[in-house]
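Student: Quick one: the structure is below, and I'll ask about it shortly.
The values are calculated or read from the model by the stated rules, or taken from the named source; none is laboratory data. As the structure is a computational prediction, the values presented were derived from the model and not from experiment. Don't worry about glycine lacking a Cβ; one is built from the backbone with ideal geometry, like all the others, and counts go over all protein chains shown. Just the protein is used for accessible areas: all its heavy atoms, side chains included, with ligands, DNA and RNA removed. Shrake-Rupley method; radii C 1.70, N 1.55, O 1.52, S 1.80 Å.
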Amino acid sequence: LREKNAKLAFELSEMRQMKAENAQLMALAGVKSRIKNSSAVGQISGETADAFSRRVEINLGSESGIEPGMPVIDEDGIVGQVNRISANRSEVKLLTDPTMQFPVLLPRTGLRCATAYSQNGQTVELRFVPAAADVVEGDEVQTSGIDRIFPAGLSVGKVSKVEKVPGDAFAHVWVQLSSAPALGRYVMVVLVNTDPASQGRKVIP
């Protein structure tokens, strides 16, 4: 009976995992239907061993049409951007990586700004937000599409904190990211055209 219960518990765990994976793939399919560009679906296969960066590896590479600079998303929003590639794997800079920056939009007010590195875990800070700007906690933050790399309208997160210091020209605004990538989770690389001259072709050794 103990052996049978152990086997049933293992099978139940596998079924739950398969159900969760199917649900995520269905959600990704819904995201894909809203994006005009082609895309490739893969999985997060590892994390880079670097205490000074926030990067993961995925099981897609140049053989799947992946190029440096392409955006990586999941069903919850933006995950990051392809940094380096090999034939069958890629390194992805997460939104919390110190070198990661890209333009965003706050759709409630139409405010455009850019993300910046933050040391607060799953958050980023917004740069160049005027102190007089109408920004409140809970405001949605999305990709603006102005860089022609990240498709417009994808979720980045929600404003979690707004701090305005008297005399400062800019407000301090933090965003809680909507996507929290983990090992084994499926991601989608959007196959946009990137400029090799500006992005550079970095190949994983």
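Student: Would you mind finding the one in 79, 136 that is of a type in the set (A, V, I, L, M, F, W, C) and open to solvent by 40 Å² or more (accessible area, probe 1.4 Å)?
Tutor: One residue alone meets the criteria, 136.
Student: Continuing with this model, one more query. Filter the stretch 89-132 for residues that are open to solvent by 20 Å² or more (accessible area, probe 1.4 Å), over 22 Å from residue 67 (Cβ atoms) and outside any strand (DSSP E or B) and give the result.
Tutor: Within the stretch 89-132, 98, 107, 108, 109, 110, 117, 119, 120, 121, 122, 131, 132 meet the criteria.
Student: Residue 159 - would you say it is in contact with a strand residue (DSSP E or B) (Cβ under 7 Å, 6 or more places away or on another chain), closer than 15 Å to residue 81 by Cβ and among the hydrophobic types (A, V, I, L, M, F, W, C)?
Tutor: no
Student: What pairs come up if the first residue lies in the stretch 57-71 and is on the phi > 0 side of the Ramachandran plot, the second is surrounded by fewer than 20 Cβ atoms within 10 Å (Cβ to Cβ), and their beta carbons are under 7 Å apart, counting only those six or more places apart or on different chains?
Tutor: Listed pairs, sorted by first residue: 65/40; 65/191; 69/149; 69/194; 69/199.
Student: When you scan the stretch 65-76, how many residues do you find that are in contact with a helix residue (DSSP H, G or I) (Cβ under 6 Å, 6 or more places away or on another chain) and open to solvent by 10 Å² or more (accessible area, probe 1.4 Å)?
Tutor: Residues that pass the stated criteria total 1.
Student: Could you identify the single residue in 39, 62, 53 that is in contact with a helix residue (DSSP H, G or I) (Cβ under 6 Å, 6 or more places away or on another chain), open to solvent by less than 100 Å² (accessible area, probe 1.4 Å) and modelled with pLDDT of 70 or more?
Tutor: After applying the criteria, what remains is 39.
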